[in-house]
Amino acid sequence: MRTLKRITRGIPGLYLLLILLLMYLPIVVVVAYSFNAQPKGLMWTGFTTEWYPALFQNRQIMASFKNSLIVAGWSCLIAGVIGTLGAVALSRTKIRSAAALETVAMLPIMTPEIALAMAFLVTFSLVGLPSGMLALVLSHATFCIPYILIIVRTRLTGLNPSYEEAARDLGAGPVRAFITVIVPLIAPAILSGVLLAFAMSMDDVIISFFMAGPTSTTFPVYVFGKLKTDVPPTINAMCTVTLGVTFIAVAASQLLRSKGSNT
Amino acid sequence: MRRKPNKKGGLLALMPLYLWTLLLVVFPMGYVLVMSFMTKNDQFGVDFILTLGNYIRLSDPSNMNILLNSLKTAVFTTLLTLLLGYPFAFAMSKRKKSQRNLIMLLVIVPFWTSALLRTYGWMLLMRSNGLLNNVLMGLHLTEKPIQFLYNNGAVLFGMTYSLLPFMILPLYSSLEKLDNSLLEASRDLGAGRLRSFLTITLPMTLPGVVSGCMLVFVPSVGLYFISDLMGGGSGMVLGNLISYYLTTGRDWPMGAALSMVMVVLTFLTMGVYRRFASNDSLGVF
């Protein structure tokens, strides 16, 4: 009886472990195959690191990776500024249209990406904006804003208003109080939001697919194209690098948030 | 000394967000709505001739079959993620705090990392000369490779896998908030484990269930690269159809009408969610 009870007690833990293993299985497989000697990566034939240098010699891959970084960088910068200012302003104003604005501003991450991609595609074609880097940055910044908005807004709700009041009482103007008091207090939240937005932008396939021009392919769009046609031997190394970048960004974002919520 | 909030400064700070949202969210979506009532012309362009034709064409068998299939996939994916996710969130909420935080981090990281790359990982495992078939043949459990990929089941699997964290996170957030004293009270009053679960835990976590279902249902109609890669032509979803009309199909008004179907679906589920879980965030952030 006792052993039976001990066994059943272990079941929830085993279940947690099993699901977590399944969640990480495909990631582990991709990373493992990136060190596989056999180029097509079907059978395990031996350990090698040759695909990583090969990656850096492939000009197409490097160009698409560079494009991804540029797009993510600009979108995060734009979204970081607009999202932070918007979050601060929204937490102050009590006008009714602000609530409506907040809901509408969240739409880009609520609607499925393909609907958003279509909206950008038809609008940019209407105003004559060709597909390419600018279209990519505008569209990415739009879906990056909600992440920063939510995270900074959550942080501001938990913030003690007396910090700012003290600064104002001591004679700081609103702008100075904002820069010297509020921004340092919400900096971890801003950074956390920006990192998350960065990961989202680096990972995006669907919107980028419709926004990228012939010379401005982003990395995930390149990978998607290759997965459907010929899979190059370097693909696993390629995927491992992106996974690494997003993993670090997401984990850092999470750590910042759990640390930042203590003040 | 209380100062009135600086109204002008507040509005000024709001302007960039307001303008950006107006120009890049409201206008584009409004334009898609308008386009869904326009007519496509022979030059792959769009004529400003009002018509309901695009919406009428939704019922064409070629569109309807995919719409229905997408709906079916969405319902099954939601059910599967709920069945797998609830026990997970439940077991997770019973762990020690340090363990809970670790599991949370482990669930969140794949939640935010590329679904495309993880789908590719499954393709590596499941294709006919992949790892899984090699293991099965090595164990003499099968003579020739089993075709795991390129059918409806593979699409359902891929969707369930990709969207499972979307279910677990809101479920866990509502389970974590559950007041344990309620459960103790019901146990003290003589209710069995199952009865306490059905009469207390389940109703109290319903908001989590609803938001989880919403977060799985809506994206599942749009994740067309999963059906593209794992289904290879079968198990197409609404997203495949829109992408077809935007690219090879060259019929933007039809794509716009289908987009509107998707947007309406999003609004409906958001409305349902607001009714059930008016409290706070989706539990995702």
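The string of couplings for segment A:121-135 from the Karplus curve (6.51, -1.76, 1.60, θ = phi - 60°) is 4, 5, 5, 5, 6, 5, 8, x, 7, x, 5, x, 4, 5, 4 Hz, one whole number per residue in order, with x for Gly and Pro. Summarising the amide proton neighbourhood of B:LYS40: residues at separation of 5 or more, or on other chains, whose placed amide H is nearer than 5 Å comprise B:ASP47. Over chain A, accessible surface divided per residue gives 46 Å², non-protein components excluded, 1.4 Å probe.
Answer rounded, prolate or oblate for segment B:15-112, using the Cα gyration tensor with square roots of eigenvalues a ≥ b ≥ c: rounded when a/c is under 1.5, else prolate when a/b is larger than b/c, else oblate. Judged from the Cα gyration tensor, segment B:15-112 comes out oblate (a/c at least 1.5, b/c at or above a/b). From the Cα gyration tensor of the protein assembly as shown, with a ≥ b ≥ c the square roots of its eigenvalues, which class applies: rounded if a/c is under 1.5, or else prolate if a/b is larger than b/c, or else oblate? Here the protein assembly as shown falls in the rounded category.
Accessible area ranking (1.4 Å probe, heavy atoms, ligands and nucleic acids excluded), largest first, for B:ASP42, B:ASP251, B:ASP179: B:ASP42, B:ASP179, B:ASP251.
Within the accessible surface of chain A, defined with a 1.4 Å probe on protein heavy atoms only, the carbon and sulfur portion equals 69 percent. Tell me whether chain A comes out rounded, prolate or oblate; compute the Cα gyration tensor, take square roots of the eigenvalues as a ≥ b ≥ c, and use a/c under 1.5 as the rounded threshold. The shape class here is oblate.
Across segment A:52-66, computed HN-Hα scalar couplings (Karplus, 6.51 cos²θ - 1.76 cosθ + 1.60, θ = phi - 60°) run 6, x, 4, 4, 6, 8, 7, 5, 4, 5, 5, 5, 5, 5, 5 Hz from first to last residue, x flagging Gly and Pro. Where Lys and Arg each count +1 and Asp and Glu each count -1, what net charge lies around B:SER93 among other residues with Cβ under 9 Å from its Cβ? Here the charged neighbours net out to +2. In this structure the amide hydrogen of A:ASN36, modeled in the peptide plane, comes within under 5 Å of the amide hydrogens of A:THR48, none closer than 5 places in sequence on its chain. With protein chains left intact and a 1.4 Å probe, residues in chain B average 49 Å² of accessible area per residue.
Rounded to the nearest 500, the helix-only mean residue ellipticity at 222 nm of chain B stands at -21000 deg cm²/dmol, with each DSSP H run of n ≥ 4 adding -39,500 (n - 2.57).
Simple point charges give the picture: +1 on the Cβ of Lys and Arg, -1 on the Cβ of Asp and Glu, and for chain A a dipole about the Cα centre of about 780 debye.
Distance from the alpha carbon centroid of segment B:100-128 to that of segment B:185-261 works out to 18 angstrom. Altogether, the Stokes-Einstein calculation at 10 °C and 1.306 mPa s, with the Kirkwood radius of segment B:61-276 over Cα pairs as Rh, returns a diffusion coefficient of 82 µm²/s. Peptides B:124-134, B:202-212 ranked from most to least packed give B:202-212, B:124-134, packing being the mean of other C-beta atoms within 10 angstrom over each peptide's residues. Farthest towards the positive end of the charge dipole of segment A:59-262, among the residues A:GLY73, A:ASN236, A:MET133, is the Cα of A:GLY73, using unit charges on the Cβ of Lys, Arg, Asp and Glu.
Only protein heavy atoms count here, probed at 1.4 Å, and on that basis chains B and A bury about 7400 Å² of accessible area in total. Along segment B:240-248 the Karplus relation, 6.51 cos²θ - 1.76 cosθ + 1.60 evaluated at θ = phi - 60°, assigns HN-Hα couplings of 4, 5, 4, 4, 5, 5, 7, 9, 4 Hz to successive residues, with x for each Gly and Pro.
Residue by residue along A:88-95, Cβ atoms of other protein chains within 10 Å of the local Cβ number 5 on average. Around the Cα centre of the protein assembly as shown, unit charges on the Cβ atoms of Lys, Arg, Asp and Glu (plus for the first two, minus for the last two) sum to a dipole of about 1720 debye. Note on B:LEU246: accessible area is roughly 10 Å² with a 1.4 Å probe, heavy atoms of protein only. Across chain A, C-alpha contacts under 8 Å between residues 6 or more apart give a mean separation that, scaled by the residue count, equals a relative contact order of 29 percent.
The values are calculated or read from the model by the stated rules, or taken from the named source; none is laboratory data. All values derive from a computational prediction rather than experimental measurement. With ideal geometry, Cβ positions are generated from the backbone for all residues, glycine too; neighbour counts draw on all protein chains shown. Just so you know, the surface numbers come from the protein's heavy atoms only, side chains and all, with ligands and any DNA or RNA stripped out. Shrake-Rupley method; radii C 1.70, N 1.55, O 1.52, S 1.80 Å.
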